[in-house]
Amino acid sequence: TAITADCIPALTKLKNLEELHLGFIEANCKDILPLSQLKLLKLVVSLDEINHEDLNRFLEKNPRLELIVNSKRYELSQ
């Protein structure tokens, strides 16, 4: 199935979601920001363009979240 940025609001309703592999998604860093509210999430995503400011905001909202971007663990303040 093709997951796009339009699917993100529905995914945020899955409060116990533990792992999500989005692969190459037609979305940008700002589009995935709402997923930061999922406290148990490990998010694996591939993005063509990385906006470090948006991804840092993502991790600031949920520092326990494990974020893998383009096959590398993303750390705050890269």
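The values are calculated or read from the model by the stated rules, or taken from the named source; none is laboratory data. Quick caveat, the model's predicted, so the values are computed rather than measured. All Cβ positions, even for glycine, are placed from backbone atoms using ideal geometry, and neighbour counts span all protein chains on display. These accessible areas exclude ligands, DNA and RNA; they are computed on the full protein's heavy atoms, side chains included. Shrake-Rupley method; radii C 1.70, N 1.55, O 1.52, S 1.80 Å.
Within segment 33-56, can one find any residue that is over 12 Å from the mean Cα position of the chain (by Cα), among the hydroxyl-bearing types (Ser, Thr, Tyr) and not in a loop (DSSP other than H, G, I, E, B)?
No, that holds for no residue.
If you go through segment 33-49 one residue at a time, how many are at pLDDT 85 or above and under 15 Å from Tyr74 (Cβ atoms)?
Going through segment 33-49 one residue at a time, the tally reaches 9.
I'm checking my understanding of the structure. Among residues of segment 34-78 that are small (Gly, Ala, Ser) and open to solvent by 70 Å² or more (accessible area, probe 1.4 Å), which one is farthest from Ala5 (Cα to Cα)?
Of all residues in segment 34-78, those small (Gly, Ala, Ser) come to 36, 46, 71, 77.
Checking which are open to solvent by 70 Å² or more (accessible area, probe 1.4 Å) leaves us with 71, 77.
Values: Ser71: 20, Ser77: 24 Å.
Once the filter is applied, the top-ranked residue is Ser77.
I'd like the residue in segment 5-32 that is in a helix (DSSP H, G or I) and either within 10 Å of the chain's Cα centre (by Cα) or aliphatic (A, V, I, L, M) (or both) and, out of all such residues, is farthest from Glu75 (Cα to Cα). Spell out how you get there, then give the answer.
From segment 5-32, those in a helix (DSSP H, G or I) are 5-11, 29-32; that's our starting set.
Pick out the ones that are also either within 10 Å of the chain's Cα centre (by Cα) or aliphatic (A, V, I, L, M) (or both) and you get 5, 8, 10-11, 29-32.
Details: Ala5: 23, Ile8: 22, Ala10: 26, Leu11: 23, Cys29: 14, Lys30: 17, Asp31: 19, Ile32: 16 Å.
Applying the filter and picking the extreme gives Ala10.
Find the residue count for segment 57-78, including only residues that are in contact with a Ser or Thr (Cβ under 9 Å, 6 or more places away or on another chain), assigned to a loop (DSSP other than H, G, I, E, B) and not small (Gly, Ala, Ser).
3
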